[in-house]
Structures are given as C-alpha cells and as structure tokens.
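First the structure, in the form of structure tokens, and then the observations on it.
The values are calculated or read from the model by the stated rules, or taken from the named source; none is laboratory data. Keep in mind it's a predicted model, so treat the numbers as computed, not measured. Positions of Cβ are generated from backbone atoms using ideal geometry, with glycine treated the same way; all protein chains shown enter the neighbour counts. These accessible areas exclude ligands, DNA and RNA; they are computed on the full protein's heavy atoms, side chains included. Shrake-Rupley method; radii C 1.70, N 1.55, O 1.52, S 1.80 Å.
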Amino acid sequence: MAATFGPTPACRNNHTTAVHGDKIYFHGGHDGNSWLDDLYVLNTSSLVWSKPKVSGQKPSARACHTMSRVGRKLYMFGGYDGEKCFNDIDILDLDTMTWISPQVSGTIPMARNAHTMTVLGTKLYLFGGHSGNKHLKDLHVFDTETLSWTEPQICGSPPKGLRGHTANLIGNKVYLFGGYDGRGRSFKKIIPSNDLYVLNTETMRWSHPLEFEKAPAGRQRHTACVIGTK
C-alpha cells in the first residue's frame with residue numbers, strides 16, 4: 001500500500017471518479033452512515049490528496065452516480081441519496097473549479113443510479129441502471145457540445161435491464177460486462193450476470209457473443225479498465 005499525504009477522504013463506497021492528466025477526482029458515495037457530497041483530488045505523481053475549493057451550486061450528496069471527463073470538464077449524472085434518484089447533469093469546469101447546472105434539451109432520461117456512462121469523443125453513452133423501482137435497459141446519448149439528449153434507434157438484442165455493470169470503449173465499440181438484472185435469485189441470494197454485450201457505435205447494433213473459455217464468474221459493482229485492446 002502506497003503512502004499518501006494531505007487530507008485523506010473518509011472511507012466510502014459507491015463513489016465516482018474521473019481522471020484528468022495525472023489527477024483522479026473523487027466525488028460523493030456513502031460512508032456507511034451518510035450520503036456524501038465532497039470532492040477530493042489525488043495527484044498520482046506526488047500521492048498528495050487535496051480538497052479543492054469550488055464555486056457555483058455543487059451537486060447534492062449521492063452515491064452510485066457517474067462523473068465523466070470530456071476535455072477540461074467533468075459531467076456528473078444520476079445517483080441515489082437514500083430517498084430519490086437523479087437525472088440532472090452537473091458540470092465541473094476544471095479551469096475555474098466552478099460547478100455549472102446547465103439547461104439541457106432533448107428527451108431527458110429517467111432518473112437512475114448504478115448505470116454506466118461511456119465517453120466517445122464529445123458524447124456520453126448512458127446505459128441502464130436502476131430507477132428505484134425497476135432495472136433499465138435504455139440507451140441515451142448526451143452531446144456535450146449542444147447540451148442535448150437523444151435516444152437513438154438500436155438494432156440487435158439489447159442486454160437485460162442491468163445495474164452495477166461496466167461499460168468500456170475500445171475503438172468504436174462499447175463492451176458491457178456483468179451487472180444484476182433483478183431476476184437471478186437462489187434462496188434469496190443475488191445471482192449477477194457474467195454476460196458480455198457489445199455495442200457498435202457506428203452501426204448502433206448490439207451483439208451478444210455466446211461462447212467463451214474461462215469466462216469470469218457473474219458479478220456486479222466491479223470495475224473494468226482498458227489497457228490497449230484489453
């Protein structure tokens with residue numbers, strides 16, 4: 001375990017992170033008792049934590065949300081605060097460290113948590129999550145240049161409604177793995193998925209490769225990171 005310095009964040013789960021340069025931005029989550037709204041930054045070169053001063057209307061406390069970097073801005077969406085889910089977009093301008101609550105247009109997605117948001121160019125691809133009442137399998141695209149939502153027509157068989165899955169971009173394809181659809185239970189034990197789905201963002205078609213050797217066991221709320229083509 002590497003030693004770090006500075007104001008260390010409290011223990012937490014279901015927070016969200018985003019990377020810019022050699023810094024990792026951490027927001028929110030749940031510490032076991034309370035929902036959190038704090039923002040911390042870890043400089044990975046110096047291993048120094050900081051709690052930056054921000055201006056503007058900061059997002060409320062929440063967990064199971066996403067925070068995605070496009071250019072020099074972080075885009076936060078969704079989450080859950082113990083009472084309700086969110087479907088607002090909050091933007092952190094990294095040049096001014098100012099929170100912005102923009103006016104957005106288009107068909108705004110249902111409020112949700114435990115979804116995924118995948119960055120492709122200047123667009124964010126939102127899939128799935130949980131509304132508080134049901135598992136979702138819809139796909140929406142947010143254009144960060146026009147601040148508009150669209151719900152594109154998709155071909156192929158989409159994944160089941162999922163929460164706690166991962167979605168990673170390699171080339172023009174989004175690889176979605178695992179998660180929980182609310183249906184797989186055995187003696188009241190959750191049985192998560194180990195399915196892999198692929199979304200081709202050029203043809204907007206889902207595919208579902210079926211044959212694998214040594215596929216990982218089913219899981220949810222895991223992480224997956226891209227290195228090269230793996």
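Worth pointing out:
- Hits in segment 10-37 - residues which are free of Cβ contacts under 8 Å to residues at least 40 places away in the same chain and hydrophobic (A, V, I, L, M, F, W, C): 10, 11, 24, 26, 36
- Count of segment 131-166 residues, restricted to those that are more than 22 Å from residue 107 (Cα to Cα) and out of contact with any Lys or Arg (no Cβ under 8 Å at 6 or more places or on another chain), is 3.
- Residue-level check: of (1) over 19 Å from residue 202 (Cα atoms); (2) among the β-branched types (Val, Ile, Thr); (3) in contact (Cβ under 8 Å) with a residue 60 or more places away in the chain, residue 144 misses just (1).
- Tally, over segment 169-194, of residues that are out of contact with any His (no Cβ under 7 Å at 6 or more places or on another chain) and open to solvent by 30 Å² or more (accessible area, probe 1.4 Å): 16
- Residue count for segment 7-23, restricted to those that are in a loop (DSSP other than H, G, I, E, B) and of a type in the set (Ser, Thr, Tyr): 1
- Segment 24-50, subset within 11 Å of residue 10 (Cβ to Cβ) and not in a strand (DSSP E or B), residue farthest from the chain's Cα centre (by Cα): 33
- Test: residue in segment 56-65 that is in a strand (DSSP E or B) and of a type in the set (Ser, Thr, Tyr): no
- Scope segment 139-168; condition open to solvent by 50 Å² or more (accessible area, probe 1.4 Å), at pLDDT 95 or above and of a type in the set (D, E, K, R); matching residues: 145, 151
- Qualifying residue in segment 62-71 (condition: within 15 Å of the chain's Cα centre (by Cα), farther than 17 Å from residue 169 by Cα and among the polar types (S, T, N, Q)): no
- Single residue of 71, 6, 32, 21 found to be among the small types (Gly, Ala, Ser), closer than 18 Å to residue 225 by Cα, at pLDDT 95 or above and open to solvent by 40 Å² or more (accessible area, probe 1.4 Å): 21
- Selection from segment 139-174 of residues that are more than 14 Å from the chain's Cα centre (by Cα), of a type outside the set (S, T, N, Q) and assigned to a strand (DSSP E or B): 143, 149, 155, 170, 173
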